[in-house]
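Written below as structure tokens is the structure these notes are about.
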Amino acid sequence: FIKDDAYISFRYAHNLVTGHGLVFNTGDRLEGFTNFLWVLVLAPFEALGWDLFQVCEVLGTILGTACLVTTARMTEWINGDRKGWSHLWGAAWLAMSASFVLWAKSGLEQPLVSLLPIAAAFLLWRSRATTKKVGEPRSSVDHAAAELRTCRQYLYAGLMMGAGCMTRPELHLLAILVGLPLVVDAVRARTITRAQWLYVAGILAVTVPGHS
């Protein structure tokens with residue numbers, strides 16, 4: 001089913017691509033949506049003249065499936081093995097959730113807002129764990145390469161989390177919760193690394209222009 005609220009996003013996307021701006025009614029500048037990024041995702045398809053009803057059915061399926069795959073991969077990383085296919089249980093329970101399935105096909109942003117924070121947390125936490133496990137590389141060249149790789153992954157995680165914040169406003173709080181392990185590391189080390197700053201910078205790089 002397509003939730004009636006989805007047509008609000010459809011309307012804003014239509015007015016955006018027809019040159020009237022992000023408005024529901026022409027000339028009435030009212031921000032009547034809470035899913036800014038989702039409206040932007042729909043806008044190119046509206047510009048192509050595609051049926052957003054069908055577009056959302058396809059996007060919801062793709063994003064929902066991607067969320068299940070990411071959940072399975074994150075569970076596998078946490079468990080450390082694939083014994084008894086236990087890494088699939090998290091994704092299996094999520095797939096059997098009526099709320100998850102129905103809202104993924106509702107035409108709204110729920111599948112995207114589910115995928116982005118899970119993917120960001122997975123990338124950030126796995127990179128953090130790998131860095132702590134490996135420790136200091138043997139040579140300065142290895143150290144520089146490892147630091148660059150870590151910084152890049154922290155930045156990507158921040159960008160994904162920032163995109164999530166622009167999809168639903170409550171994800172601003174989740175961005176803080178996902179980054180709490182970095183706060184613990186900074187307190188223990190009594191210093192903030194460049195990689196940790198880049199996670200914050202990635203979030204701000206998306207949210208600050210979006211809110212301005």
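The values are calculated or read from the model by the stated rules, or taken from the named source; none is laboratory data. Because the structure is a prediction, the values reported are computed rather than measured. Positions of Cβ are generated from backbone atoms using ideal geometry, with glycine treated the same way; all protein chains shown enter the neighbour counts. Remember, those area values only see protein heavy atoms, side chains included, never the ligands or the DNA or RNA. Shrake-Rupley method; radii C 1.70, N 1.55, O 1.52, S 1.80 Å.
Which residue pairs have Cβ atoms closer than 9 Å, lie 6 or more positions apart in sequence or on different chains, and pair a first residue in the stretch 174-188 that is touching a residue at least 40 places away in the same chain (Cβ under 8 Å) and outside any helix (DSSP H, G or I) with a second residue that is surrounded by 12 or more Cβ atoms within 10 Å (Cβ to Cβ) and not hydrophobic (A, V, I, L, M, F, W, C)?
What qualifies is Gly179/Gly158; Gly179/Gln196; Gly179/Tyr199.
Does Leu59 meet the test of being open to solvent by less than 70 Å² (accessible area, probe 1.4 Å), out of contact with any His (no Cβ under 7 Å at 6 or more places or on another chain), in contact (Cβ under 8 Å) with a residue 40 or more places away in the chain and of a type outside the set (Phe, Trp, Tyr)?
Answer is yes for this residue.
Where the second residue is at pLDDT 60 or above and open to solvent by 80 Å² or more (accessible area, probe 1.4 Å) and the first is under 17 Å from Ile192 (Cα atoms) and lies in the stretch 128-153, which pairs have Cβ atoms under 6 Å and are six or more apart or on separate chains?
Between residues of the stretch 128-153 that are under 17 Å from Ile192 (Cα atoms) and residues that are at pLDDT 60 or above and open to solvent by 80 Å² or more (accessible area, probe 1.4 Å), the close pairs are Cys151/Arg194.
Select from the stretch 34-55 the residues that are of a type in the set (A, V, I, L, M, F, W, C) and more than 17 Å from Leu116 (Cβ to Cβ) and write down the one among them that is surrounded by the most Cβ atoms within 10 Å (Cβ to Cβ).
So the residue we want is Leu52.
Which residues, counting only those in the stretch 63-81, are open to solvent by 50 Å² or more (accessible area, probe 1.4 Å) and in contact (Cβ under 8 Å) with a residue 12 or more places away in the chain?
Correct list: Val69, Arg73, Trp77.
For Val23, which of the numbered conditions (1) farther than 28 Å from Leu182 by Cα; (2) open to solvent by less than 30 Å² (accessible area, probe 1.4 Å); (3) part of a helix (DSSP H, G or I) fails to hold?
(3)
Can you pull out the residues in the stretch 189-212 that are more than 17 Å from the chain's Cα centre (by Cα) and touching a residue at least 40 places away in the same chain (Cβ under 8 Å)?
Passing the criteria: Arg194, Ala195, Gln196.
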